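Take a look at the structure set out below.
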Amino acid sequence: MLALGLVSFFTDIHSETILALLPQFMANVLGLHKETIGLIEGLADATASVLKILSGWFSDRLGKRKPVVLACYVISTALKPLLCLATSALHVLGVRLGDRVGKGIRSSARDALVAESVSAEQRGKAFGFHRAMDTAGAAVGTSLAIVLLQVFGGDYRRVFLVATVAGVVAVVTILVGVRDIPREVREANSRKPRRELAGSFPLFLVAHTLFSAGNFTYAFFLLRAQDVGVPAALVPALYLWHNIVYALAAFPAGALQDRLGARKAQATAYLLQVVVCLGMATLASPYLMILWFAVYGLQLGATGACSRTTAAGLMRPDRRGTDMGLLNACEGVGLLIASAVGGVLWDWHGQGADPFYWGAVMALLGT
């Protein structure tokens, strides 16, 4: 579990150094419309999520998770530097789709490996720790983006290239530190937790898909901040702030779920999205962005830890990889809907608040 946490830490340094600047790169350098940006991000996320079904199923059949995880981290690390050459929306879309293919194939196998590495009573802590390391890397990556953009005089492409070093470190960490969990240990760790959520996995997929259909890409939060008057140079700082809160919230949220059970923790995580969306829609100002990005980070930390823990408790041990893939696929379909609808609402009505009303309604339905 520790090695997987370090892998995610270094991978997110690589990814978030790029992603913290990508919306501004697309809007300010390539001149893309908000609708196009939303569509690119939505298609990328949806591609990743659909492939997670196949990767999870394949890792179940193979009986091993590490080879799948390793191959896909290599793909993502190799493709992201190609953003340095992007001159159009199609170029960005191609790189983002290729990168998300790598993420899509690895994520279900990795999530199954996390669930199998600890006992049922510690799953919340395990997923919370993984999300915390993941997001700590994002915070470091965002900080690097701010610093490197200044060092390179606003040259986004050079920043994207330098970030690749962290991706290479992540791949080396997999080779050296990650091991598959033996079958007898997996079976011992697959018993039901004491506080099990009554219900079925398919019904949880319905709820999480509804929630995800309003949980649009972070790019809309960054663009909303710029829309209400936050200087463009400070927008990455808000992204850094939300990642710090995310990293700090994930492990406590997972530990709290271990104590309270899935139903209360999951509903609370969804309701946080209602709060942040209504805040971004109705009480948006440069100073209040500090508050709303903090709540946004809290929501992501809670949802990231709780959703995987809730789902893992409803899955059959012999198809955990496949079911993790189904969860990720439903999430991705929801994200595609959220990003597409959000971009259309913003461009058609010219109101940055409209996507957030949509997000609040869908999060309430999921709850």
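A few remarks follow.
- Computed from Cα positions, the angle between helix 2-19 and the longest principal axis of the chain comes to roughly 20 degrees.
- The Cβ shell under 9 Å around Ala250 holds other residues with a net charge of 0, Lys and Arg each +1, Asp and Glu each -1.
- Global form of the stretch 197-321, assessed from the alpha-carbon gyration tensor, a/c cut-off 1.5: prolate
- Integer Hz, Karplus 6.51/-1.76/1.60 couplings in order for the stretch 304-317, x for Gly and Pro: x, 6, 6, 4, 5, 5, 4, 5, 4, x, 9, 9, 6, x
- In the full protein context, the chain carries 39 Å² of accessible surface per residue, based on a 1.4 Å probe and ignoring ligands, DNA and RNA.
- Helix 235-260 axis versus longest C-alpha principal axis of the chain: approximately 20°, rounded to the nearest ten.
- Taken over the C-alpha atoms, the stretch 307-367 has Rg and Dmax values of 15.4, 49 angstrom.
- Seen against the Cα atoms of the chain and their longest principal axis, helix 164-177 is set at about 10 degrees.
- Surface composition of the chain: carbon and sulfur make up 69 percent of the accessible area, probe 1.4 Å.
- Sites matching chymotrypsin sites (Phe, Trp or Tyr not before Pro) across the stretch 264-347 that sit in DSSP coil, with at most 13 neighbouring C-beta atoms within 10 Å: Tyr287
- For the stretch 256-362, the equivalent ellipsoid derived from the alpha-carbon gyration tensor has semi-axes of 29, 18, 9 Å in decreasing order.
- When mean projected area of the Cα convex hull in nm² is computed from the coordinates, the matching label among [x] 17.0; [y] 15.4; [z] 23.0 is [y].
- Our helix-only sum for the chain, with -39,500 (n - 2.57) per DSSP H run of n ≥ 4 divided by its residues, gives a mean residue ellipticity at 222 nm of -26000 deg cm²/dmol.
- Lys-Lys pairs in the chain that are eight or more residues apart or on separate chains and whose Cα atoms lie under 19 Å of each other come to 9.
- Length gained on full extension, Val29 to Leu365, computed as 0.36 nm times the residue gap minus the Cα-Cα distance: 117.2 nm.
- Shape class for the stretch 246-301: oblate, because the ratio a/c of the largest to smallest gyration tensor axis (alpha-carbon atoms, square roots of eigenvalues) is 1.5 or more and b/c is at least a/b.
The values are calculated or read from the model by the stated rules, or taken from the named source; none is laboratory data. The structure presented is a predicted model; accordingly, all values stated were derived computationally and were not measured. Ideal geometry is used to build each Cβ from the backbone, glycine not excepted, and the neighbour counts take in all protein chains shown. Side chains included, ligands, DNA and RNA excluded: accessible areas come from the protein's heavy atoms. Shrake-Rupley method; radii C 1.70, N 1.55, O 1.52, S 1.80 Å.
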